[in-house]
């Protein structure tokens with residue numbers, strides 16, 4: 001059983017390949033995209049992704065713009081921002097826009113796994129609350 005379903009989004013292909021291999025060795029199911037547009041397209045067609053690990057600096061749609069679209073279209077998916085070009089401003093902006101956390105590249109694998117595990121737990125808890133609310137709503141209608 002996999003621990004989590006992660007979408008890794010970064011325009012640096014060697015980084016994506018290396019991180020994907022390292023995450024898979026730790027029972028994380030990984031898919032990848034190399035741009036914000038590609039990531040959104042994947043999310044449209046897959047309902048498996050629980051956490052997006054998203055690079056901030058990418059050509060075209062950057063990480064902040066991609067984060068905004070993910071939060072708008074897929075509000076339950078957690079997003080961990082990742083960058084080698086961190087600024088205090090982009091970190092604050094990402095957190096204000098609903099990022100789960102913000103990590104620097106190169107990121108310690110143990111720390112990333114810890115954050116992915118926390119993000120998955122939060123997403124699953126939110127889903128459980130939604131299911132419980134729906135069950136209460138259905139049973140209240142029948143009463």
For Rg/Rh (Cα atoms, Kirkwood Rh), the listed values are (i) 1.02; (ii) 0.98; (iii) 0.94; which was obtained by calculation from the structure presented?
(i)
Determine, for each peptide in 100-106, 62-68, the mean count of other beta carbons within 10 angstrom over its residues, then list the peptides with the highest first.
62-68, 100-106
Residues 142, 72 arranged by fewest to most Cβ contacts within 10 Å
142, 72
With a cut-off of 15 Å, note down the residues of region 103-142 whose backbone N falls inside the zone around a label point 7 Å from the Cα of residue 3 toward its beta carbon.
108-122
Going by how many other beta carbons lie within 10 Å of each one, how would you line up 77, 28, fewest first?
77, 28
Hey, what number do you get for the chain at 222 nm if only DSSP H runs of n ≥ 4 count, each worth -39500 (n - 2.57), divided across all residues, to the nearest 500?
-17500 deg cm²/dmol
R0 = 30 Å: FRET efficiency of residue 118 with residue 142, Cβ-based, nearest 0.05?
0.20
Between the alpha carbon centres of region 43-76 and region 102-143 the gap in Å comes to 16 Å
Under the definition of Cα pairs under 8 Å and six or more residues apart, what whole-number percent is the relative contact order of region 1-142?
20 percent
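Here, each number is a calculation from the coordinates, and none is a lab measurement. Since this is a predicted model, take the numbers as computed values, not measurements. A quick note on method: Cβ atoms are made from the backbone with ideal geometry, for glycine too, and the neighbour counts reach across all protein chains shown.
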